[in-house]
Amino acid sequence: MSAKKTILAFIAMDYVTGVPLSNYTAAENLLPMQEVYRIILVVAQALDYAHQQNIVHRDIKPGNIIYHPESRQIKVTDFGIARLTDSANTKTGSFLGSPSYMAPEQITGAHVDGRADIYSLGISFYQLLTGRLPFSADSLANLAYKIANDKHAPVKNLRTNLPASATRIINKALQKNPEKRYVSGRAMANALKREIEQD
């Protein structure tokens, strides 16, 4: 009688030091504006790389971005619900991710591609600049309705000293229709880079 073999499956990951960016989403503990621009730029570049590999993260939010305050290194983490863009699971009704950061197409169960990550990054940008989420509600159903239908409050209503570029970039990233958002992480990164270089 042959002995049974035990198969062990595991994932090897880098050990990353730092803190989640969710530590900097309260109005009294925001990072400097220029640093927020830089962080979102780096994450947009990282997402562009993932999307070029046909991977959609589907849960971009400050809590899934690790930031090292001393080295200023940034790591996108938690690809646990990421999917290949040609996977059937990204095309229909899977309700996966963190609702406050979900794109309208995720909320409604429509086709999801890299532009959903762009939307979530726009939400993160909004929150890191203002200490507020653009949409909040007392139930998941009401939140889903707002995300799918309501316009977000202008970012400058919450922080008047923000440059016009913050409004412009966030408004484009948070378009309800994916076709009207940045076409790629690179396009969003380039828009951020232009603003950083002008300052």
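The values are calculated or read from the model by the stated rules, or taken from the named source; none is laboratory data. Please read all numbers here as calculations on a predicted model, not as lab measurements. In this analysis, Cβ positions are derived from the backbone assuming ideal geometry, glycine residues included, and neighbour counts consider all displayed protein chains.
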Given the condition modelled with pLDDT under 80 and either surrounded by 24 or more Cβ atoms within 10 Å (Cβ to Cβ) or aliphatic (A, V, I, L, M) (or both), answer yes or no: does some residue in region 99-122 qualify? no
Qualifying residue in region 135-150 (condition: surrounded by 15 or more Cβ atoms within 10 Å (Cβ to Cβ), within 16 Å of the chain's Cα centre (by Cα), of a type outside the set (Val, Ile, Thr) and not in a loop (DSSP other than H, G, I, E, B)): no
Look at region 13-45 and say how many of its residues are over 20 Å from ALA166 (Cα atoms), in contact (Cβ under 8 Å) with a residue 60 or more places away in the chain and either in contact with a strand residue (DSSP E or B) (Cβ under 6 Å, 6 or more places away or on another chain) or aliphatic (A, V, I, L, M) (or both). 1
When both residues are 6+ apart or on different chains and their Cβ atoms are under 7 Å apart, which pairs have a first residue that lies in region 165-189 and is of a type in the set (S, T, N, Q), and a second that is in a loop (DSSP other than H, G, I, E, B)? THR167/PRO154; GLN175/ARG181
Listed residues ALA27, ALA3, ALA50, ALA12; which is aliphatic (A, V, I, L, M), in contact with an Asp or Glu (Cβ under 9 Å, 6 or more places away or on another chain) and at pLDDT below 95? ALA50
ALA153 passes all but one of (1) under 15 Å from LEU41 (Cα atoms); (2) free of Cβ contacts under 8 Å to residues at least 24 places away in the same chain; (3) not aromatic (Phe, Trp, Tyr); which number fails? (1)
Result of the Cβ filter at 7 Å on region 128-146, keeping first residues that are in contact (Cβ under 8 Å) with a residue 40 or more places away in the chain and under 13 Å from THR25 (Cβ atoms) and partners that are exposed (fewer than 12 other Cβ atoms within 10 Å of the Cβ) and of a type outside the set (Val, Ile, Thr), at least 6 apart or interchain, is GLY131/ALA26; GLY131/ALA27
Going residue by residue through region 79-98, is there one that turns out to be at pLDDT 85 or above and surrounded by 13 or more Cβ atoms within 10 Å (Cβ to Cβ)? no
